[in-house]
Structure formats: C-alpha cells, structure tokens
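**Student:** Questions regarding the structure given below will be posed in turn.
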Amino acid sequence: MADPKLLTLSGSLRKGSYNRMLLALAAEAFGPATVTEGDLDLPLYNGDLEEAEGVPEKVQHLVQQIKDADAIVVGAPEYNKGITGVLKNALDWVSRVPGWPLKDRPTVVVSASAGRTGGETAQFMTLSCLTQHQARLIPGTAVLIAGAMNAFDEDGRLKDETSQKLLTKRMEKLRAEVV
Ligand SMILES: Cc1cc2nc3c(=O)[nH]c(=O)nc-3n(C[C@H](O)[C@H](O)[C@H](O)COP(=O)(O)O)c2cc1C
C-alpha cells in the first residue's frame, strides 16, 4: 500500500507557531506518510462574499486536501479560552461546501498554548465543531502542551518525555485507523 496521506491543519498562522511545531512532531510520530499542510490563511467568512463570488478557490483547495487525506491532525491553540478565529473561520468555510468534507475522516486534535491548561478549552471547542462536521474523532488521552514557550527545545522537540510519549501513542492510534 502507498504511504497514507496525512493533512495537518494549524489554528495559528505564524511562522514560529508552537502548534505547527507540535504538528511536525505529530507527523513524525505518525510514521511514513505523504504530509501536506493545509493553508488556513483564508478570507473571513462573509455570506455576501459567498453569494457574490462563491466559495473562494483557496477554500476549495483546502476542501480537496481534506477529501484526499487519509487522516487529519489539527493543531488548536487557545485564544481567550476559545478556538482561534483562524481555525473556526476555516471550519466555517469548509462547512459551506456540500457533502461535509470532514465526514468520517479520521482526525486527532492536539494543542499547545501558553497557559497552564495547554489549550484544553480550545481543544474541547474544536472537538465540538468537528463533531458538527461529523469527523471521525479518534479518542485518546488529550495532547495538551502547557507553557508552550518553554516546552520545546531549539530543535523543536518536546522537552517533556511524557508529552512526547502521549503524542506518539495518539498518532500510532490514528495510523492504525488508516493502514
Ligand atoms: C489573542 C490571544 C489570546 C490568547 N489567549 C490565551 C488563552 O486563553 N489561553 C492560553 O493558554 N494562551 C493564550 N494565548 C497565548 C497563546 O497560547 C500563545 O500565543 C501560543 O503561542 C499560540 O499558539 P502558536 O504558538 O501556535 O501561535 C493567547 C494569545 C493571543 C495572541
């Protein structure tokens, strides 16, 4: 069988994002795969824009990447005890494409955030939105990286062995769903 296709979606757009670092480690732990990073730098959802121009090409591209993916891992940082606008906006756009592209797609959500709870509330909200999308959420112990600014070493590796083990276990479980 060809390598499975893993799609990563980061709720943070910034280059130095800890969630993107976490997603890179998640992809590594997933094992051999064709890894694609979805681009969530999308226009803000606006029903008038949708009516005038239809679903933007960037959203359609993202939807195709979702449809092509065998598995998805979402990095959900926390902003003000909630899901980031970037991630919510992307999920809102995706829901405007008929057929629920995320439906039945094996998906895991991980989070890195500055606070002590590691983005637990944002992760919970993300899981809730993904339930509406009918994604196949793969259960397991939550991967929540607290104090993200101190959690990674200069090579982007998690300093805490337990967190790395948890991430590895979770990604192995995701892989088991698709190969
Ligand atoms: C607008 C804003 C709100 C934030 N609110 C929270 C919060 O509620 N909880 C938390 O743990 N961190 C919060 N943070 C800090 C983020 O967790 C931190 O910036 C983190 O690095 C974001 O993820 P990233 O590194 O992937 O960009 C907030 C940051 C911003 C910019």
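The values are calculated or read from the model by the stated rules, or taken from the named source; none is laboratory data. The structure presented is a predicted model; accordingly, all values stated were derived computationally and were not measured. Neighbour counts are summed over all protein chains in view; Cβ atoms, including those assigned to glycine, are modelled from backbone coordinates with ideal geometry. Surface accessibility is based on the protein's heavy atoms, side chains included, excluding ligands, DNA and RNA. Shrake-Rupley method; radii C 1.70, N 1.55, O 1.52, S 1.80 Å.
**Student:** Given the condition free of Cβ contacts under 8 Å to residues at least 12 places away in the same chain and either open to solvent by less than 20 Å² (accessible area, probe 1.4 Å) or not acidic (D, E) (or both), answer yes or no: does some residue in the stretch 106-117 qualify?
**Tutor:** no
**Student:** Something else about it: Which of (1) farther than 21 Å from P32 by Cα; (2) at pLDDT below 95 does Q132 not meet, given it meets every other one?
**Tutor:** Of everything listed in (1) farther than 21 Å from P32 by Cα; (2) at pLDDT below 95, Q132 misses just condition (2).
**Student:** Another question, if that's okay. Among the numbered criteria (1) surrounded by fewer than 16 Cβ atoms within 10 Å (Cβ to Cβ); (2) over 24 Å from K165 (Cβ atoms), which single criterion is violated by G38?
**Tutor:** All conditions pass for G38, except number (1).
**Student:** Taking E53 as the residue in question, decide whether it is surrounded by fewer than 17 Cβ atoms within 10 Å (Cβ to Cβ) and charged (D, E, K, R).
**Tutor:** Yes, satisfied.
**Student:** Which fully enclosed helices (runs of 4 or more DSSP H) of the stretch 98-179 have 2 or more residues being farther than 17 Å from A29 by Cβ?
**Tutor:** By residue number, 120-132, 148-151.
**Student:** Give the number of residues within the stretch 15-35 that are open to solvent by 50 Å² or more (accessible area, probe 1.4 Å) and in contact with a helix residue (DSSP H, G or I) (Cβ under 8 Å, 6 or more places away or on another chain).
**Tutor:** Residues that pass the stated criteria total 2.
**Student:** I'd like the full set of residues that are under 18 Å from the mean Cα position of the chain (by Cα) and open to solvent by 90 Å² or more (accessible area, probe 1.4 Å), limited to the stretch 142-172.
**Tutor:** The answer is K169, E172.
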